[in-house]
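Note sheet for the following structure.
The values are calculated or read from the model by the stated rules, or taken from the named source; none is laboratory data. All figures in this text were calculated on a predicted structure; none of them were measured in a lab. Glycine also receives a Cβ, built like all others from the backbone with ideal geometry; neighbour counts cover every protein chain displayed.
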Amino acid sequence: MAPVRDPNTLSNYDQWRTKHTTVNFKVDFAAKRLRGSVILELESQTDKSSNEIILDSNYVEVSAIKLNSAPSQWVVKDHTGPNGSPVHVAVPNGADKGEVVKLEIELATTDKCTALQWLTPAQTSNKKAPFMFSQCQAIHARSIFPCQDTPDVKSTYEFNIRSPHVVVASGVPVPSATEDAGEDKVYKFQQKVPIPSYLFAVASGDIASAPIGRCSSVATGPDELKASQWELQDDMDKFLDAAEKIVFPYQWGEYNVLVLPPSFPYGGMENPIFTFATPTIISGDRQNIDVIAHELAHSWSGNLVTSCSWEHFWLNEGWTVYLERRIQAAVHKNDAYFDFSAIIGWKHLEEAVEGFGKDHEYTKLSIKHDGIDPDDAFSSVPYEKGFHFIWSLDRLVGRDNFDKFIPYYFKKWQNKSLDSYDFKDTFLEFFSAPEYAGLKEKIAEIDWEGRFYNPGLPPKPEFNTSLVDVCFQLANKWRQKDYMPSPSDTSSWTGNQVLVFLNAVQDFEEPLTVEQSQNLGKVYGLADSKNVELKAAYYQVAMKAKDASSYPGVAELLGNVGRMKFVRTLFRSLNKVDRDLALKTFEKNRDFYHPICRQLVEKDLGVGEMKLS
Ligand code: BES
Ligand code: ZN
């Protein structure tokens, strides 16, 4: 029986736990496969009472498994829904509690691998070399190698990756250990901090790097390097200083950013040592790097202290959004930035709740995941509802007190995984100290069950609206059909202010006229903005106005960005106004999108091969 603590693993990790993982892969660009072996060192949790090890896998080709260097009896079972095909390995005599057994698994990934994207040289910006990258969160690591694919298990890692091109990974490079192997080189990395499988990451291609901070570099294609360095170098250390002050010193050694090709499906992914990021953050105006503050914050919330299953994902993301907003306020030396970002987040939360319906399971903070693919349950809810819960606790006990709780919580749980109730217990334990006796009654009133399981919106707090008021004022002017805009309306604004304005216009009950919408795009320079965040928001306004002259631009943008936040929302809107163009655009760009994005857009549009699960 799979342990119920994580319904998205089929592994018997209550009986065996992975302590160390060695990955020996060759990056085979010609075949678009990783090949090689993985060595799992698993510690027995019981006294000889388990005679098999069950691992997660999904469309991996396993050719041999050795148990303690000898051939073993093993079988890959049938596919069972989103959790994949479990691999059963016999351990005939079991093992004493605490004894470590070694599984050496020979494998190759397949073309059904959901975690990897392979780009041909023609699909890269300088067209010189192929490129590959991984995206394992939430349950895609199992499609690279059999493992205990649950955030409840943490392992140290050793990476030996052979490739003809530069490799980065979620480990610290082992100095001067890059060996030559014919045309290939072997790139070695170590991750000494135990990490869950979803933080396993590799990428390889024509990658150059440049410094952006005291322990940070940015890596990307050589042609994009200067722009990426410029975008990040001013703020990287400020983010790090602010985060260390709020929590405690950074634990991972280096913090680097890999800026990926445009098909990267997320804004950012907090892979340790190397955050993976969308190139849409390199907008030439330093307006979209809040993504980096967010991924950096995961170095504490998520990567050190981890939710034990995707049911408690809010512990990763809610805390991270909270820390990200604290970092923004600290860096700008202005608390209004915290609220500013929270107001934008509230809008996303309202949209998500409206989209699912206010009683939907996915609008709960803690979501049941039995038989569910975490990618399907993904939304702003765990981020924003999680943030609101943490922020409400902060307000309840007062900032000074909460600031003492933060490092306590992260120290107590570092290198471990926890659920919502562990969090509750830790909070109550900390505030039961005599110096907090005055808070006793307030704390007793916290409705933990309601917070965890009530669907729909959480209580809405009073926001400091000082940074958004001007945005709403301008939006109101646009309600008058004869408003004459001028570039100076927005020229001194931050990107996020323009975004709030556009979102407000998009929400008008009566949409803009086609003429107004075109005028808005032109006068504020949105129609040809380099800032994809703004361009996408403008296109939403244009589609709402049914400005058909904007549709080709939408289709073009959909061929240039693969970040799901934009792709999915643009497709949904385009589908409403011109389904034919939406379908054609999807077909045309199918190979450009990452497998995860492709599958979700297929579902959104109601087309295509259904997911093979
Ligand atoms: N860890 C997430 C990305 C993720 C979540 C990947 C779940 C797969 C499954 C990452 O930290 C994230 O939240 N990225 C956001 C950034 C934003 C909130 C600033 C994104 O991609 O938009
Ligand atoms: Zn995140």
Does Lys385 qualify as being crowded, with 21+ Cβ neighbours inside 10 Å and either within 16 Å of ligand 2 (Cβ to nearest atom) or basic (Lys, Arg) (or both)?
yes
If His332 passes every condition in (1) at pLDDT 95 or above; (2) closer than 22 Å to Phe566 by Cα but one, which one does it miss?
(2)
Limited to the range 307-324, what total is found for residues that are more than 11 Å from ligand 1 (Cβ to nearest atom) and in contact with a His (Cβ under 6 Å, 6 or more places away or on another chain)?
1
Return the total of residues in the range 248-282 being within 12 Å of ligand 2 (Cβ to nearest atom), in a loop (DSSP other than H, G, I, E, B) and either hydroxyl-bearing (Ser, Thr, Tyr) or over 25 Å from Ser417 (Cβ atoms) (or both).
1
Give just the number: which of (1) more than 30 Å from Phe276 (Cβ to Cβ); (2) modelled with pLDDT of 95 or more does Leu526 not satisfy?
(1)
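So for the range 397-404 (the condition being within 16 Å of ligand 2 (Cβ to nearest atom), surrounded by fewer than 21 Cβ atoms within 10 Å (Cβ to Cβ) and either of a type outside the set (Lys, Arg) or over 23 Å from Pro455 (Cβ atoms) (or both)), does at least one residue qualify?
Among the residues of the range 397-404, not one is within 16 Å of ligand 2 (Cβ to nearest atom), surrounded by fewer than 21 Cβ atoms within 10 Å (Cβ to Cβ) and either of a type outside the set (Lys, Arg) or over 23 Å from Pro455 (Cβ atoms) (or both), which makes the answer no.
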Which of the numbered conditions does Gly371 fail, given that it passes all the others? Conditions: (1) modelled with pLDDT of 95 or more; (2) within 29 Å of Ile195 (Cα to Cα); (3) away from ligand 2 (no atom under 16 Å from the Cβ).
(1)
Result of the Cβ filter at 7 Å on the range 287-311, keeping first residues that are on the phi > 0 side of the Ramachandran plot and partners that are in a loop (DSSP other than H, G, I, E, B) and within 11 Å of ligand 2 (Cβ to nearest atom), at least 6 apart or interchain, is Gly302/Glu270
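Quick grid of which residues meet (1) under 30 Å from Thr80 (Cα atoms); (2) within 16 Å of ligand 2 (Cβ to nearest atom); (3) in contact with a Phe, Trp or Tyr (Cβ under 6 Å, 6 or more places away or on another chain); (4) touching a residue at least 12 places away in the same chain (Cβ under 8 Å):
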residue: Thr320; (1), (2), (3), (4): no, yes, no, yes
residue: Asn334; (1), (2), (3), (4): no, no, no, no
residue: Gly345; (1), (2), (3), (4): no, yes, no, yes
residue: Ser366; (1), (2), (3), (4): yes, no, yes, yes
Residues satisfying the stated conditions in the range 478-509, i.e. surrounded by 10 or more Cβ atoms within 10 Å (Cβ to Cβ), farther than 22 Å from Ser283 by Cβ and out of contact with any helix residue (DSSP H, G or I) (no Cβ under 8 Å at 6 or more places or on another chain):
Arg479, Asp507
So, in the range 283-297, exactly how many residues are more than 12 Å from ligand 2 (Cβ to nearest atom) and either more than 18 Å from Lys530 (Cβ to Cβ) or in contact with a strand residue (DSSP E or B) (Cβ under 6 Å, 6 or more places away or on another chain) (or both)?
0
Does the range 436-445 include one or more residues that are closer than 30 Å to Gln506 by Cα and either of a type in the set (Ser, Thr, Tyr) or without any contact (Cβ under 8 Å) to a residue 24 or more places away in the chain (or both)?
no
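Rundown of residues vs (1) under 32 Å from the mean Cα position of the chain (by Cα); (2) of a type in the set (A, V, I, L, M, F, W, C); (3) modelled with pLDDT under 95; (4) within 22 Å of Ala138 (Cβ to Cβ), yes/no style:
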| position | (1), (2), (3), (4) |
| --- | --- |
| Asp56 | yes, no, no, yes |
| Ala64 | no, yes, no, no |
| Ser69 | no, no, no, no |
| Ser72 | no, no, no, no |
| Pro86 | yes, no, no, yes |
| Gly98 | no, no, no, no |
| Glu106 | yes, no, no, no |
Say we look at the range 296-306 and pick out the residues that are in contact with a helix residue (DSSP H, G or I) (Cβ under 6 Å, 6 or more places away or on another chain) and within 11 Å of ligand 1 (Cβ to nearest atom); which of these is farthest from Lys245 (Cα to Cα)?
Gly302
Only one of (1) more than 28 Å from Asp403 (Cβ to Cβ); (2) more than 10 Å from ligand 1 (Cβ to nearest atom) does not apply to Asn271, and that is (2)
Among the helices (runs of 4 or more DSSP H) contained in the range 532-613, which hold 3 or more residues that are within 26 Å of Arg286 (Cβ to Cβ)?
532-544, 551-558, 564-577
